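Peer 1: One structure coming up, written as structure tokens, with questions to follow.
The values are calculated or read from the model by the stated rules, or taken from the named source; none is laboratory data. Predicted, not measured: the structure shown is a model, and the values here were computed from it. Here the Cβ positions follow ideal geometry from the backbone for every residue, glycine too, while neighbour counts run over all protein chains shown.
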Amino acid sequence: MDKEFFEALEELSVEKGISREYLLDAIETALLTAYKKNFNSQENVKIEIDEEKGFVKVYSLKEVVTEVMDPAIEISKTDAKQYDKKVKVGDIVEVEITPKDFGRISAQTAKNVIVQKIREAEREIVFTEYSDRQGEIVSGIIQRVEKNIMIVDLGRIEGIMTANEQVPGEEYHVNDKIKAYVLEVQKNHKGVPQMLISRTHPNFVRRLFELEIPEIYEGLIEIKNIVREAGSRTKIAVYSKDMNIDPVGSCVGPRGIRIQNILNELRDEKIDVVEWSEDPVQYIASALSPATVLAVDIRADEMASKVVVPDNQLSLAIGKDGQNARIAAKLTGWKIDIKSESQIKEEMNTGDIN
């Protein structure tokens with residue numbers, strides 16, 4: 001290693017933001033390992049890097065003893081005096097043992113260590129940069145689509161979307177632009193930073209609303225709850241303390257213009273924006289949107305309710321495969337039993353109503 005090597009080391013330290021001392025310590029440790037490996041040494045060894053003269057020296061550390069039992073780690077007092085005339089039994093002396101071809105080995109080892117440490121440092125910088133982005137929405141380009149996983153280029157970091165985080169029915173193609181919600185930033189088994197991302201998480205919808213609806217971003221409208229069956233339907237309950245603000249109307253906009261970007265991003269997944277209320281009767285009625293509700297009877301001790309809807313609204317209130325009623329129940333936290341007007345009248349006539 002010559003002076004040019006150390007000058008280059010200094011430049012790399014500044015450019016990559018890696019401590020010069022950290023690199024030198026790593027090089028010394030690697031050279032120590034390289035020496036013991038290449039020369040099958042069992043000695044206690046010390047590596048010395050002289051930056052001014054540009055050389056590396058290897059020293060064997062030997063204990064001064066009266067009688068030498070193990071020459072690899074011990075030296076007699078007589079022999080030790082050639083290195084230090086004032087040496088005493090029990091002292092440690094340094095005996096240079098630098099092999100003739102160790103310069104070549106040390107140069108190659110140092111280069112390998114620097115490459116490795118720079119790679120590690122850059123990975124750590126990327127990890128630190130992205131680790132606080134959990135819970136955000138990121139945009140990237142699809143690099144690869146496999147059976148159970150999708151790889152997304154997010155710039156300096158790679159996004160991983162497993163099958164569970166992909167929306168059923170959505171088609172993904174290489175080079176497509178895509179948005180997703182950041183679940184976690186982690187390192188893989190090789191230490192490479194990765195983002196685990198999702199398009200199915202309910203908070204993906206929450207963040208989209210925060211980005212598209214200024215009143216939500218500014219805190220004038222609060223999202224109380226979101227329940228989602230990704231790719232099919234989402235219900236989102238919103239509320240505003242300001243009586244002058246219509247939370248549902250503000251989110252939807254005239255003719256749905258304000259929510260259109262969200263619908264486009266979710267590829268026309270149905271979204272019901274409903275008004276949250278402390279009154280469970282009002283809240284349950286709103287949660288069954290888009291159906292019209294005539295009456296809600298609640299049993300607070302059981303967190304259960306019976307809802308009456310017009311005959312022509314029954315299937316809409318229940319939804320395909322019971323989806324609308326199911327999501328409304330999850331949104332409100334109440335059990336919901338839906339009956340049509342005709343069913344209620346029939347129960348009243350037969351005395352079967354409860």
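Peer 1: Could you list, in sequence order, the residues of the range 316-345 that are closer than 15 Å to residue 296 by Cβ and among the hydroxyl-bearing types (Ser, Thr, Tyr)?
Peer 2: 332, 340
Peer 1: Can you name the condition, by its number, that residue 6 falls short on among (1) surrounded by 13 or more Cβ atoms within 10 Å (Cβ to Cβ); (2) assigned to a helix (DSSP H, G or I); (3) out of contact with any Asp or Glu (no Cβ under 6 Å at 6 or more places or on another chain)?
Peer 2: Looking at each condition in turn, residue 6 falls short on (3).
Peer 1: Out of (1) touching a residue at least 40 places away in the same chain (Cβ under 8 Å); (2) within 27 Å of residue 250 (Cβ to Cβ), the odd one out for residue 307 is which?
Peer 2: (1)
Peer 1: From 108, 194, which residue is polar (S, T, N, Q) and within 30 Å of residue 228 (Cα to Cα)?
Peer 2: Answer to the selection: 194.
Peer 1: Quick one: count up the residues across the range 138-189 that are under 26 Å from residue 229 (Cβ atoms), out of contact with any strand residue (DSSP E or B) (no Cβ under 6 Å at 6 or more places or on another chain) and of a type in the set (Gly, Ala, Ser).
Peer 2: Total meeting the criteria: 2.
Peer 1: Being surrounded by 12 or more Cβ atoms within 10 Å (Cβ to Cβ), in a loop (DSSP other than H, G, I, E, B) and outside the structural domain of residue 322 (by TED's automatic domain parsing) is true for just one of 236, 262, 245. Which residue is that? Walk me through it before giving the result.
Peer 2: Details: 236 fails: in a loop (DSSP other than H, G, I, E, B); 262 fails: in a loop (DSSP other than H, G, I, E, B).
Exactly one of 236, 262, 245 is surrounded by 12 or more Cβ atoms within 10 Å (Cβ to Cβ), in a loop (DSSP other than H, G, I, E, B) and outside the structural domain of residue 322 (by TED's automatic domain parsing), namely 245.
Let's see how each residue does on (1) touching a helix residue (DSSP H, G or I) at 6+ places or on another chain (Cβ under 9 Å); (2) surrounded by 15 or more Cβ atoms within 10 Å (Cβ to Cβ); (3) in the same structural domain as residue 194 (by TED's automatic domain parsing); (4) aromatic (Phe, Trp, Tyr):
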residue	(1), (2), (3), (4)
55	yes, yes, no, yes
61	no, no, no, no
84	no, no, no, no
89	yes, no, no, no
108	yes, no, no, no
117	yes, yes, no, no
143	no, no, yes, no
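Peer 1: Within the range 215-233, take every residue that is part of a strand (DSSP E or B) and more than 24 Å from the chain's Cα centre (by Cα) and give me the one that is nearest to residue 251 (Cα to Cα). Spell out how you get there, then give the answer.
Peer 2: Quick first cut of the range 215-233, residues part of a strand (DSSP E or B) only: 222-229, 233.
Imposing the further condition that a residue be more than 24 Å from the chain's Cα centre (by Cα) reduces the set to 222, 224, 233.
Working: 222: 11, 224: 14, 233: 17 Å.
Selected residue: 222.
Peer 1: Scan the range 133-140 and give yes if some residue there is assigned to a strand (DSSP E or B), in contact (Cβ under 8 Å) with a residue 40 or more places away in the chain and of a type in the set (S, T, N, Q), otherwise no.
Peer 2: Kept after step one, since they are assigned to a strand (DSSP E or B), are these residues of the range 133-140: 137-140.
Those left that are additionally in contact (Cβ under 8 Å) with a residue 40 or more places away in the chain: 137-140.
Checking the rest, the ones that are also of a type in the set (S, T, N, Q) come to 139.
Within the range 133-140, one or more residues are assigned to a strand (DSSP E or B), in contact (Cβ under 8 Å) with a residue 40 or more places away in the chain and of a type in the set (S, T, N, Q).
Peer 1: If you don't mind, there's one more thing I want to ask. Assess whether residue 192 counts as being outside the structural domain of residue 290 (by TED's automatic domain parsing), over 30 Å from residue 158 (Cβ atoms) and either of a type outside the set (Ser, Thr, Tyr) or over 25 Å from the mean Cα position of the chain (by Cα) (or both). Lay out the reasoning, then the answer.
Peer 2: Working: outside the structural domain of residue 290 (by TED's automatic domain parsing): yes; over 30 Å from residue 158 (Cβ atoms): no; either of a type outside the set (Ser, Thr, Tyr) or over 25 Å from the mean Cα position of the chain (by Cα) (or both): yes.
For residue 192, the condition - outside the structural domain of residue 290 (by TED's automatic domain parsing), over 30 Å from residue 158 (Cβ atoms) and either of a type outside the set (Ser, Thr, Tyr) or over 25 Å from the mean Cα position of the chain (by Cα) (or both) - is not met.
Peer 1: I'm checking my understanding of the structure. Among residues of the range 91-103 that are in a strand (DSSP E or B) and of a type in the set (Val, Ile, Thr), which one is surrounded by the most Cβ atoms within 10 Å (Cβ to Cβ)?
Peer 2: Only one residue fits best here, namely 93.
Peer 1: Looking for whichever is of a type in the set (A, V, I, L, M) and under 14 Å from residue 127 (Cβ atoms) here; the options are 152, 167, 174, 185. Which one fits? If you could, list the steps in order and put the result at the bottom.
Peer 2: Numbers: 152 fails: under 14 Å from residue 127 (Cβ atoms); 167 fails: under 14 Å from residue 127 (Cβ atoms); 174 fails: under 14 Å from residue 127 (Cβ atoms).
Just a single option satisfies the conditions, and that option is 185.
Peer 1: Name every residue in the range 167-190 that is touching a residue at least 40 places away in the same chain (Cβ under 8 Å) and β-branched (Val, Ile, Thr), in order of residue number. First the steps, then the outcome.
Peer 2: Filtering the range 167-190 down to residues touching a residue at least 40 places away in the same chain (Cβ under 8 Å) leaves 167-170, 179-185, 187.
Scanning the range 167-190 gives 167, 182, 185.
Peer 1: While we're looking at this one, here's another question. Restricting attention to the range 265-293, which residues are among the β-branched types (Val, Ile, Thr) and either crowded, with 17+ Cβ neighbours inside 10 Å or in a helix (DSSP H, G or I) (or both)?
Peer 2: Answer for the range 265-293, where residues must be among the β-branched types (Val, Ile, Thr) and either crowded, with 17+ Cβ neighbours inside 10 Å or in a helix (DSSP H, G or I) (or both): 271, 273, 274, 281, 284, 293.
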